[in-house]
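In what follows, a single structure is set out as structure tokens and then discussed.
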Amino acid sequence: MLYSEKVLDHFSNPRNVGEIEDADGIGEVGNAKCGDIMKMYLKIDNGIISDVKFKTFGCGAAVATSSMATELIKGKPIEDALKLTNKAVVEALDGLPAVKLHCSVLAEQAIKSALSDYYTRQGIDPLPIVGEISECEHCH
């Protein structure tokens with residue numbers, strides 16, 4: 001399986017690994033059966049994602065997509081994070097092998113799950129904003 005330099009770089013030197021103690025939103029997606037579990041932590045100040053950290057248990061592509069996804073939303077407004085697609089994550093990594101595309105879907109869903117948690121904590125119904133959090137078909 002061929003991985004791009006960017007995938008290898010984000011796997012070898014993942015950005016934003018860890019957890020945020022007083023996170024404003026936490027999301028977890030994936031399942032132990034398929035082996036990929038992603039947990040995202042968001043710190044949000046005045047509608048801007050000031051910090052983001054992740055913990056991923058999974059293959060190299062799962063780590064790389066989580067890392068790249070956090071880089072793409074850090075310092076950005078919530079609206080931008082809500083628009084982030086798995087396709088954008090894949091493009092930023094210069095592509096992924098077809099069998100690993102589900103990892104990018106999980107990364108997108110992990111961010112949406114964390115944003116959903118954030119809205120819930122604010123007393124706002126996240127469904128109209130974030131939508132349904134469906135996990136990737138690969139996991140079912």
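As a rough guide to protection, the peptides 101-108, 126-133, 37-44 ranked by mean Cβ packing within 10 Å, highest first, stand as 101-108, 37-44, 126-133. The fewest-to-most ranking of Asp22, Asp9 by surrounding Cβ atoms within 10 Å reads Asp22, Asp9. The mean sequence distance of close C-alpha pairs (under 8 Å, at least 6 residues apart), as a share of the length of the range 1-104, puts its relative contact order at 30 percent. Across the range 52-58, rounded Karplus estimates of 3J(HN,Hα) from the backbone phi angles (6.51 cos²θ - 1.76 cosθ + 1.60, θ = phi - 60°) give 8, 9, 9, 10, 10, 10, x Hz, Gly and Pro being marked x. Each of the peptides 74-87, 50-63 was scored by the mean count of other Cβ atoms within 10 Å over its residues; in descending order, highest first, they stand as 50-63, 74-87.
In deg cm²/dmol and to the nearest 500, what is the mean residue ellipticity at 222 nm of the chain if only DSSP H runs of at least 4 residues count, each as -39500 (n - 2.57), divided by the residue total?
So the helix-based figure for the chain works out to -12500 deg cm²/dmol.
Helix 60-73 and the longest principal axis of the Cα set of the chain meet at an angle near 40°. FRET efficiency for the Arg15 to Asn46 pair, using the beta carbon distance and R₀ = 22 Å, is estimated at 0.45. Put simply, the range 14-57 fits an ellipsoid with semi-axes of 22, 10, 7 Å; these come from the alpha carbon gyration tensor as the roots of five times its eigenvalues, largest first.
Only Lys, Arg, Asp and Glu count, each charged at its Cβ (+1, +1, -1, -1), so figure out the dipole size of the chain about its Cα centre, rounded to 20 debye.
On the way: 14 positive and 21 negative charges, 45 e Å.
Result for the chain is approximately 220 debye, rounded to the nearest 20.
Tell me, what does the Kirkwood hydrodynamic radius of the chain come to in angstroms if you use every pair of distinct C-alpha atoms? Each step should come with its number before you reach the end.
Working: mean 1/r = 0.0682 Å⁻¹.
It works out to 14.7 Å.
Against the main long axis of the alpha-carbon atoms of the chain, helix 101-121 sits at an angle near 10°.
Computed from the coordinates by the stated procedures, all read-outs in this text should not be read as laboratory data. Keep in mind the model is a prediction, meaning the values are calculated, not measured. Reconstructed Cβ throughout: ideal geometry from the backbone, glycine too, with neighbour counts over all protein chains shown.
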